[in-house]
Structure formats: structure tokens, C-alpha cells
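Throughout, read-outs are computed from the coordinates displayed, never taken from laboratory work. Please read all numbers here as calculations on a predicted model, not as lab measurements. Here the Cβ positions follow ideal geometry from the backbone for every residue, glycine too, while neighbour counts run over all protein chains shown.
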Amino acid sequence: MRRFLPLALLFAAPLAAAQDHAGHAAPADAAALVRAMHARYADTWYRTLYFTQATSRLGPGDSVLVETWREWGAMPGRLRIEMGDPAAGNGALFANDSTYIFRGGELVAAVGERNDLMTLGFDVYTQPPEVTLGVMEEDGFTLGPVRSEEWEGRPAFVFGSPETKEVWVDAEHLVFVRLVEPTEQDPAVLQDIRFTDYEPLDGGWIAPTVEIWVDGQKVFWEEYSDIRTGFDADPVLFDPTNWGAPAPVPGE
């Protein structure tokens, strides 16, 4: 629906269009936003991260299936996930611009795909912005104009579209909060991925709750605990040829 402004407000419209609801200046485009995100935290954001994760899935008849995962991150671009019983050898690695899937300790799949949530939520602060922008272009993001919206009562910057990948960033803290995109199973169906409950962490931020919504229903969610940063991450953790035994918990 089009709104007609009083004549006196028309002269203020260009200025208003460039700011969000709280007066934060909106970047001109996605590239400017990525550069601003990097500039805000490049010198402070943690480079390593560990946590235990309660992973919940909506099952048949609205049942909820819960599994414990352990995750190690080394930014930029590396993530190890051990799923369920660590001794079972099930999990995934994101490294070398690729995704590796393990079952029973054996590599069962390897594809040239990155983890978009790592790119948006962590790598953007720990690698040069031009690298992030190149990755995003390769991975199908539309780096066009930024618009101002509101998300969960807070001002947000938004770029892209749900038909490809729509990215939402908190305007005050410049942290990623939402990705809306087609599901892999059916491009006509959208999934809404949300980083929520942000709290400060070691020079940066962490969203200890991650949710995926489809058709207005929460179908998958993660809850983090035992969050640790600042440790030295052995490169072997992210080597697909050395999946091996369960990885050690930092500090233990």
C-alpha cells in the first residue's frame, strides 16, 4: 500500500530513507554493510570457539527428538561437529571451502559447499571483507541495496530476497540475526534461520540459540552451553583425512 506524505515531510524523505528506526545510518549496499561489520570487530572478535549443543528436531506427531552435539570452530572457515555419542564417529567438517560428512568414523560424502552461517555469523569478522564478499557472490547471495526493517523490536539492515538468500543484520551491534532462503528439498518452500538471544563473548558476540522455522513452525533448534573461546585449535581437528577419535574438549 502506498503512503502519501505531507508536503513538508517530502523534503526530509531522502534523509529518512538512509536511516533505520533508531537513527543508525543504513549502508548503501551489502558490500558496505559487510565492510562495516568487519571494521566493527576485526581487532576483537574471538578466533576459536567451542560449545556443547542440545540439538532438537520436530518429529512425527509433534514429538521432539533431542541429540547432543559438540562443536569446534576456528575462524575463518573451519567447523567440526561431532553428532551424538562421540565414540560413534558421526559428524561433519566444514573446511577447505568444502563439507565432509562422516558416519561410523568413515567419510561418506564430500561436496564443494561452505556453511553460510559460518560466513555470516563468524567469518565476516575474521577475514578481509573482500574475501567475504567473494565467498558470498560465489554462494549465491545478491549483494544489492540495503533496506531498513525491524526484527523482534530492534532495527535491522536487510539485503537480498527470500527467493535467493535474504540476510538480516542487527543495526546497532552489526551481528547477523536472520537468513531466509529456499529449502534444499523444495525451492518453493522457504526456511527462516534465526540467531537469537545474543550475548557478549570475548570481544564479540554469540547467539546461544539458533532456530529454523518452516511455514510458521519451528522445526529445528540448537541451544549452546559450556561455551569456550581463546584456545589453540589443532589443525588436525579440521583435517578430513584425520577424523579419527573424538576431539578433546579445550581446557580438559
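Some notes on this structure:
- Residue check, GLU184 assigned to a loop (DSSP other than H, G, I, E, B) and closer than 17 Å to MET37 by Cα: no
- In region 44-68, the residues that are touching a residue at least 40 places away in the same chain (Cβ under 8 Å) reach residues that are of a type in the set (Gly, Ala, Ser) and buried (at least 16 other Cβ atoms within 10 Å of the Cβ) with C-beta atoms within less than 7 angstrom, at least six apart or across chains, in these pairs: THR44/GLY204; TRP45/GLY204; TYR46/GLY204; ARG47/ALA74; THR48/GLY73; THR48/ALA74; THR48/ALA233; LEU49/GLY73.
- Candidate set from region 18-61 (those that are touching a strand residue (DSSP E or B) at 6+ places or on another chain (Cβ under 9 Å) and acidic (Asp, Glu)); member that is nearest to LEU133 (Cα to Cα): ASP29
- Search result, residues across region 206-220 that are assigned to a strand (DSSP E or B), over 17 Å from GLY61 (Cα atoms) and in contact (Cβ under 8 Å) with a residue 40 or more places away in the chain: ILE206, VAL210
- Selection from region 221-245 of residues that are in a loop (DSSP other than H, G, I, E, B), surrounded by 14 or more Cβ atoms within 10 Å (Cβ to Cβ) and of a type outside the set (Asp, Glu): PHE231, ALA233, TRP243
- Extreme residue, farthest from ALA32 (Cα to Cα), among residues of region 101-133 that are of a type outside the set (A, V, I, L, M) and exposed (fewer than 12 other Cβ atoms within 10 Å of the Cβ): GLY104
- Residue within region 148-161 that is aromatic (Phe, Trp, Tyr) and within 14 Å of the chain's Cα centre (by Cα) present: no
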